[in-house]
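Everything below concerns the one structure shown next.
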Amino acid sequence: MTAASTGDTAAPSSPRRNVLRWLVPLGFLGLTGWLVWRELESFDLTQVQRTLIAVPTLPAIGIAVFALLAVALTGLVDLRIARWLGIDLRRGELLRLALIANALANTISLSGAMGAGVRFIGLTGRGVDLPRAATLIGMQALALPLGLSLLVGFSLVSGSLPLLPGTATHWLALAVLVAASLYLPLYFVLTRQRRVMRWLPPEQALPSLRLRLELSALSLLDWLLAAATLYICLQVSGAAVTPAELLLAFAGASVLGLVSLVPGGLGVFDGLLLLALGQAGHDQAAVVSGLFLFRLSYYLLPLFVGLYLGSGLLVDRLPQLTRLRERLAGHPLYGLLQLPASLLADLGIRLLAIFTFAAGTLLLASAAIPALHERLHAAGAYLSLLTLESSYWLSVVTGVLLLGLARGIDGRVRVAYRLTQFVLALSALLALAKGLHYGEALFLLGVALLLRSRKSAFSQRAMHLGSFTTAGWIAGLATVVVVFFAIGVAAVLGDDSFDLFYVGFGEHSSRLARGLVAAALGVAIYLIWQSFAVRRPLPALPPRAELEEARDLYRRHSGGEFGHMTFMGDKSLFWAGDRQAVVAYGTIRDRLVALGSPCGSEAAVSRAILDFRRFADSQDRVPVFYEVLEPELSRFHDHGFDLFKLGELATIRLDEFSLSGKRWEDLRQAVNRSTKENLRFELREPPFDTALLADVERVSDTWLADKGSSEKGYSLGRFDAAYLEWGPLALVYHDERLVAFANVLPPYGRNGTASVDLMRHVPDAPRSSMDFLFARVMQWAQEQKFERFSLGMAPLSNVGANPYARINERLASLAFRYGNSRYNYQGIRRYKEKFRPDWTGSYLAYPRGVWVPGLLVDVAALVAGGYRRLLKG
């Protein structure tokens, strides 16, 4: 157990606390770095490399086993508390959960939230009720520092605790250590007060003296095992530190590392130990080597094992975590669970990506460090020089490939996973063939094993190559390769006898120069692979046969409000697995924007939503459903979508339609005037002759020219002969000249809604032409026994209308109230309101966390036909 694993509770965050969480770690790191720089003498990095290389394999394996056992025994604290609480879990299961939590908490503390979060998911997922799960986490967090407090108290009493040099830093460190030593007596006093322990379940007795003594002993054992691991690492590295000397320095460095809030105390703990042991006269290179081995064995190895044992735990329990977070929010111990659930779910994959990147870095580092080339002489007794040289050269290529493939692992891309497994296995063989690098080969195989344990998580077929995430990984690749190039160039410039083509065991500069060529080749191979293997495919537009299949499905079930828009041919079709539901969608940037809800059988619609979301996720795209109507909202909510209100759709019952009464006064007057204005209405069914389509196109072009507009698409109809052939045309003639038209959208399925889409007229058409057309179409729909007729949507109507609405919707309401100069929002609402329709809310369904204004701009560009046409206006 080390400093970072304690402190498993956190208060609710505030701006000031968030600032301190950054400033305190940075301050400690800066102070420690300055002290190390000031106090230590010249540092021999090459000697550190030689010391690490000289560590025998069997002792290194023994250290790893001992360290893993030390971390595993930390779970004894969990076992004792669980027995006190009466939690009925198998001992092995609880120890496994504790190992996973402690391994992650040691390295990725996040103010204790990581260990507590993993315990919470594991305990509640195994049926432990919330009060007892919270109590176990709280008691475990309180118990872990007890042993460290005891060690610090002993060190202060003995008067032999190494402190920082300098008066100010000396007294500051002393104050922190004195406070830490007081933790033990305070724990024994305060845990006997019900007022302080009010977070315990009401029926749970206060911890007895025996329990507190046992927890103190287990905590002390935990810290002693951690110190023993460090002691063995230092001895193997050649630092002859006495146990008492190390224990005192370890206690002080652990406390200050804990207070620093740096995960694992990284840098602070190590720097303070280096200062203390360096002042005691121990060799700096040996101490640094021992600390490096300690980090590998006590932190990195358990992290590997914890991720392997916990494979899938975080992802599998994420829905349960989301449901329970609100219930836990008020609990005193659970401010820490404000940690985003998505971080818990994605942690394993993100760490695997980092490990893959680290594997590539390790391969390049072993190729660049001169000390490692000394192994070539030893390997020469077993392998030919050609094998050694070619293995070295190829290992540089595979190292660069792993740096790039880390992005594909982070993106859960299936093809990247497969290639990474192959490259890791090949690199492990090359590590042995280029100089018997057993440790390097074991690390590479360990990463491959961890990737194998999460094989099912790699379901993506593509990823977004233009994202900031991709740019960050590429920048990391470029940085490592540039550093490798800098080392290679420096080696070449510093070698007066440099010969690029000279091959020999001792020719490091020549070998490294050839490695630069391999690195450049690796970068080229990766960039070519990335451009073709993981690029997202362009969705195909449906052929006529597929559109007819969709129409048959609409007729059997329902086409919704927007089913007929499918036949514009500008949207791709996504079919649910059994082809009993279909989603029509458009593509803009990294968005897949479905128009309306899926259409199909009742049982298949919900599944289609989930399938479409998985389809989008597999391509690293954002799934969006545009104009989802109110009755369907629960389906989208259940699948994790957030909702933004776009406006309201107006529909009327056709059995209420009549040209008599005040409600229909405008339409009645238009019909009456039509006789005086020599207007004639016709409704034509497809197929249409060429002459009619030519007349319709003339009216359409004249209307567009008069409005100064251009054709749109997606959710707005456009003149397209192929599209118009899918439904009736409503025509209005003035004398014998066509002056207005609309294409009629027939209803589909049992509860379908009729409507019109493309409504256009010539500028000199009689004033009542469009109302006359509208009235006749509604009469025709009534005669066909259709139930409802849609008047279309009133954008932004009743959006953000109350002070409790979401901020995005309240901002949109300002556009409704004050945006009439550009778009007559209120006029559209007032016109449709005259018919006293039924209003149904229309919504945008989108994944949580997506920026809504950006989505709305994307949809506008999709309707306009792309960003270029949108910007042209």
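The values are calculated or read from the model by the stated rules, or taken from the named source; none is laboratory data. Everything numeric in this text was worked out from a predicted model, so none of it was measured. Because the Cβ atoms are built from the backbone with ideal geometry, glycine has one as well, and the counts that use them run over all protein chains shown. What goes into the accessible areas is simple: the full protein's heavy atoms, side chains included, and nothing from ligands, DNA or RNA. Shrake-Rupley method; radii C 1.70, N 1.55, O 1.52, S 1.80 Å.
Ordered from highest to lowest accessible area with the whole protein assembly present and a 1.4 Å probe, HIS637, HIS557 read as HIS637, HIS557. Spacing of the modelled spin labels on ALA694 and ALA280, each 7 Å from Cα toward Cβ, amounts to 10.1 nm.
Please report the net charge: other residues with Cβ closer than 15 Å to the Cβ of ASP689, K and R +1, D and E -1. Residues close to ASP689 contribute a combined charge of -3.
Of the residues TYR526, TYR867, the one with the largest accessible area comes first in the ranking TYR867, TYR526, computed with a 1.4 Å probe on protein heavy atoms. Each of SER658, LEU610, LEU633 was placed along the dipole of region 610-685 (beta-carbon charges, centred on the mean Cα), and the one lying farthest toward the positive end is SER658. At a Förster distance of 25 Å, what's the computed FRET efficiency of THR469 paired with ARG614, Cβ-Cβ distance as r, to 0.05? The formula returns an efficiency of 0.80 here. As a calculated quantity, the FRET efficiency between TRP780 and SER531 at R0 = 45 Å, using C-beta atoms, amounts to about 0.25. Using C-alpha pairs under 8 Å with a sequence gap of at least 6, the mean separation divided by the residue count of region 179-300 gives a relative contact order of 24 percent. Residues whose amide H lies under 5 Å from that of LEU758, counting only those 5 or more places away or on a different chain, are ASN743; hydrogens are built 1.01 Å from N in the peptide plane. With θ taken as phi - 60° and the Karplus curve 6.51 cos²θ - 1.76 cosθ + 1.60 applied, the whole-hertz 3J(HN,Hα) list for region 670-681 is 5, 5, 5, 6, 4, 5, 5, 8, 6, 9, 9, 10 Hz, x standing for glycine and proline.
Can you order the peptides 456-467, 651-662, 226-237, 513-524 by their average number of other Cβ atoms within 10 Å per residue, highest first?
On the way: 456-467: 16.5, 651-662: 14.0, 226-237: 22.0, 513-524: 18.5.
Ranking, from highest mean packing down: 226-237, 513-524, 456-467, 651-662.
Taking 0.36 nm per residue of separation and subtracting the Cα-Cα distance, full extension of the segment from SER658 to GLU546 would add 36.4 nm.
What the Cβ-Cβ distance of TYR867 and ASP706 gives, at R0 = 35 Å and to the nearest 0.05, is a FRET efficiency of 0.85.
Would you mind calculating the gained length between VAL482 and LEU683 on full extension (0.36 nm times residue separation, minus the Cα-Cα distance), in nm to one decimal?
Numbers: separation 201, 0.36 × 201 = 72.36 nm, distance 7.12 nm.
Full extension of this stretch gives 65.2 nm more.
For ARG767, neighbours were defined as the other residues whose beta-carbon sits under 9 Å from its Cβ, and their charges (Lys and Arg +1, Asp and Glu -1) total -1. Each residue of region 707-719 was assigned a 3J(HN,Hα) from its phi angle through the Karplus expression (A = 6.51, B = -1.76, C = 1.60, θ = phi - 60°), giving 8, x, 10, 9, 5, 10, x, 6, 9, 10, x, 9, 6 Hz with x at Gly and Pro. Solvent-accessible area of LEU303, all protein chains in place: 10 Å² (probe radius 1.4 Å, heavy atoms, ligands and nucleic acids excluded).
When the charge dipole of region 677-762 is built from unit charges on Cβ atoms (+1 for Lys and Arg, -1 for Asp and Glu) and taken about the Cα centre, the candidate among PRO686, PRO747, VAL762 whose Cα reaches farthest toward its positive end is PRO747.
Would you please name the trypsin sites (Lys or Arg not before Pro) within region 537-641 that are DSSP coil residues with at most 12 other C-beta atoms within 10 Å of their C-beta? Show your work: numbers first, answer last.
Working: sites: ARG544, ARG551, ARG555, ARG556, LYS571, ARG579, ARG589, ARG591, ARG607, ARG613, ARG614, ARG621, ARG635; in loops: LYS571, ARG579, ARG589, ARG621.
For trypsin sites (Lys or Arg not before Pro) across region 537-641 that sit outside H, G, I, E and B with at most 12 neighbouring Cβ atoms in 10 Å, the list reads ARG579.
In region 120-143, which residues have a backbone nitrogen under 14 Å from the label point lying 7 Å from LEU182's Cα in the Cα-to-Cβ direction? Within reach of a label on LEU182: no residues.
Given LYS785/LYS834; LYS434/LYS455; LYS571/LYS712; LYS662/LYS712; LYS676/LYS785; LYS832/LYS872, which pairs have Cα atoms separated by over 25 Å?
Values: LYS785/LYS834 23 Å; LYS434/LYS455 30 Å; LYS571/LYS712 13 Å; LYS662/LYS712 36 Å; LYS676/LYS785 30 Å; LYS832/LYS872 31 Å.
Too far apart for the 25 Å limit: LYS434/LYS455; LYS662/LYS712; LYS676/LYS785; LYS832/LYS872.
The heavy atoms of GLU630 present about 90 square angstrom of accessible area, all protein chains included, probe 1.4 Å. Packing order of peptides 440-448, 400-408, 285-293, highest average first: 400-408, 285-293, 440-448 (average count of other Cβ atoms within 10 Å over each peptide's residues). Proximity of backbone amide H atoms, modeled 1.01 Å from N, is registered between GLU648 and ALA794, LEU796, SER797, SER842 at under 5 Å, excluding neighbours fewer than 5 places apart on the same chain.
Note that region 624-641 has calculated 3J(HN,Hα) couplings of 9, 10, 9, 6, 8, 8, 3, x, 9, 5, 4, 4, 6, 4, 5, 9, x, 8 Hz, one per residue in order, obtained from phi through the Karplus relation 6.51 cos²θ - 1.76 cosθ + 1.60 (θ = phi - 60°); glycine and proline are x.
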